[in-house]
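K.L.:
The structure follows.
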Amino acid sequence: MDAFANQEDENGVIAESSAFVKGELPAEYSVPPKVDSEVEVLHEKVTKQVIKEGHGQKPSKYSTCFIHYRGWSESTQHKFEDTWQEQRPIEMVLGKEKKEMTGLAIGVANMKDGERALLRVGWELGYGEEGSFSFPNVPPRADLVYEVELIGFDETKEGKARSDMTVEERIGAADRRKMDGNVLFQQEKLEEAMQQYEMAIAYMGDDFMFQLFGKYRDMALAVKNPCHLNMAACLIKLNRYEEAIGQCTIVLTEDENNVKALFRRGKSRAALGQTDAAKEDFQKARKYAPEDKAIARELRLLAEHDKVVYQKQKELYKGIFGPRPEPRSSNMRSGNLLILIWQWLLSLFYGLVNLFKRKSPKSD
């Protein structure tokens, strides 16, 4: 059986089937979403409305939480931060958060795994009297609106942040999350699986990876890259192709010849109608896995697609311009005319020859 055909590989990834329906991409909010759910007062300066229900328990003090969020100034509707756009969840240790995130932390402490909510935070528990004029850019005395998702959390009594862990501890924690994600993937719990993969990736942040070299970097990439690939597999199943392309491209930045990344990016591009780019990915993947049947199948499907498109275009152009007429009678008249002209020229030629002979002087 080939490497991509519906089986679990060494990284716990199950390859997707060939057929996908093109779906809508998730909206990229430029303003806070409108939410109709009940308003829950968490604090005098913090309220919450549930956008998507979560599951399980809520984190306790000193839990290490992994979140995605978008933040706006309520009065100006200016979006000052978006971790989804950066494809990088942040870590927050409850009880040890930065001062400007006090209100956000109160909201997160009242959420469950996988829950997404809209939080409204008074300026006193946000960026305060002066605001922030660097990054992020927040006006003075700005009440804040957050759309936040609790991806997951680790219960740690001592509140140990990633920065306090050894390299081995961080890689080990990420690997455990990856394995948990693989189990959820097998159970078709795709959203929950992605939460585990995102938490694993959060342990392997850019600041951490930048410091690694040699065997430690190889160890980290052996966990990080499969998580991005597994995320891509989930996203493809959910028809979120643009996001899947982003996950594959991250892997290809580190390993430009990664066959799985090329294969899954090619499938995503094909689903979006980017057939030339998809073909380029599949052809490069085939170079490194020439016997793989899944890659050959996708290239064959693209070739058949191109053939169908060509036939449709041919019929379309035929319908626009119509068949070219055959001017038979005109051709016959043109042929007769040419014959007459040729005969006249021959007659003129022989006439001139005879005239020349009569006028030329006789030889001695």
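The values are calculated or read from the model by the stated rules, or taken from the named source; none is laboratory data. None of the values given here were measured: they were computed from a predicted structure. FYI the Cβ positions are ideal-geometry reconstructions off the backbone, even for glycines, and counts take in every protein chain you see. Surface accessibility is based on the protein's heavy atoms, side chains included, excluding ligands, DNA and RNA. Shrake-Rupley method; radii C 1.70, N 1.55, O 1.52, S 1.80 Å.
K.L.:
Can you say whether residue 128 is without any contact (Cβ under 8 Å) to a residue 40 or more places away in the chain and either farther than 18 Å from residue 45 by Cα or open to solvent by 10 Å² or more (accessible area, probe 1.4 Å) (or both), as far as the supplied structure shows? Give the derivation first.
P.N.:
Working: without any contact (Cβ under 8 Å) to a residue 40 or more places away in the chain: yes; either farther than 18 Å from residue 45 by Cα or open to solvent by 10 Å² or more (accessible area, probe 1.4 Å) (or both): yes.
So residue 128 passes the test.
K.L.:
A further question follows. Looking only at the range 177-187, decide whether some residue is out of contact with any helix residue (DSSP H, G or I) (no Cβ under 8 Å at 6 or more places or on another chain) and surrounded by 15 or more Cβ atoms within 10 Å (Cβ to Cβ).
P.N.:
No, the range 177-187 contains no residue that is out of contact with any helix residue (DSSP H, G or I) (no Cβ under 8 Å at 6 or more places or on another chain) and surrounded by 15 or more Cβ atoms within 10 Å (Cβ to Cβ).
K.L.:
Report, ordered by the first and then the second residue, all pairs with beta carbons closer than 7 Å, sequence separation of six or more or different chains, a first member in the range 291-320 that is closer than 19 Å to residue 276 by Cβ and of a type in the set (Val, Ile, Thr), and a second member that is open to solvent by 100 Å² or more (accessible area, probe 1.4 Å) and at pLDDT 80 or above.
P.N.:
Filtered contacts from the range 291-320: 295/286.
K.L.:
So if I check each of 188, 192, 168, which one is without any contact (Cβ under 8 Å) to a residue 12 or more places away in the chain, part of a helix (DSSP H, G or I) and over 20 Å from residue 86 (Cβ atoms)?
P.N.:
Numbers: 188 fails: part of a helix (DSSP H, G or I); 192 fails: without any contact (Cβ under 8 Å) to a residue 12 or more places away in the chain.
Unique residue meeting the criteria: 168.
K.L.:
Something else: From the list 52, 48, 58, which one is of a type in the set (Lys, Arg), in contact (Cβ under 8 Å) with a residue 12 or more places away in the chain and within 30 Å of residue 250 (Cβ to Cβ)? Spell out the reasoning first.
P.N.:
On the way: 48 fails: within 30 Å of residue 250 (Cβ to Cβ); 58 fails: within 30 Å of residue 250 (Cβ to Cβ).
Sole residue among the options that is of a type in the set (Lys, Arg), in contact (Cβ under 8 Å) with a residue 12 or more places away in the chain and within 30 Å of residue 250 (Cβ to Cβ): 52.
K.L.:
Additional query: Only one of (1) of a type outside the set (Ser, Thr, Tyr); (2) under 26 Å from residue 178 (Cα atoms); (3) open to solvent by less than 10 Å² (accessible area, probe 1.4 Å); (4) at pLDDT 95 or above fails for residue 110. Which number is that?
P.N.:
Tallying (1) of a type outside the set (Ser, Thr, Tyr); (2) under 26 Å from residue 178 (Cα atoms); (3) open to solvent by less than 10 Å² (accessible area, probe 1.4 Å); (4) at pLDDT 95 or above, residue 110 fails exactly one: (3).
K.L.:
Consider the range 69-100. How many of its residues are over 23 Å from the mean Cα position of the chain (by Cα), free of Cβ contacts under 8 Å to residues at least 40 places away in the same chain and open to solvent by 30 Å² or more (accessible area, probe 1.4 Å)?
P.N.:
Final tally of qualifying residues: 4.
K.L.:
Go over the candidates 168, 115 one by one and state the one that is farther than 14 Å from residue 71 by Cβ, acidic (Asp, Glu), assigned by the TED database to the domain that holds residue 54 and under 32 Å from the mean Cα position of the chain (by Cα).
P.N.:
Values: 168 fails: assigned by the TED database to the domain that holds residue 54.
The conditions single out 115.
K.L.:
Follow-up. Looking at the structure I just gave you, is residue 36 modelled with pLDDT of 90 or more and not assigned by the TED database to the domain that holds residue 198?
P.N.:
Working: modelled with pLDDT of 90 or more: yes; not assigned by the TED database to the domain that holds residue 198: yes.
Taking the combined requirement at face value, the residue satisfies it.
K.L.:
Taking the condition of being modelled with pLDDT under 95, out of contact with any helix residue (DSSP H, G or I) (no Cβ under 8 Å at 6 or more places or on another chain) and not in a loop (DSSP other than H, G, I, E, B), how many residues in the range 120-137 meet it?
P.N.:
Adding up the residues that qualify gives 0.
K.L.:
So is residue 212 assigned by the TED database to the domain that holds residue 283, closer than 21 Å to residue 173 by Cα and not in a helix (DSSP H, G or I) or not?
P.N.:
yes
K.L.:
Of (1) in contact (Cβ under 8 Å) with a residue 24 or more places away in the chain; (2) over 25 Å from the mean Cα position of the chain (by Cα); (3) open to solvent by 10 Å² or more (accessible area, probe 1.4 Å), residue 103 satisfies all except one. Which?
P.N.:
Failing condition for residue 103: (3).
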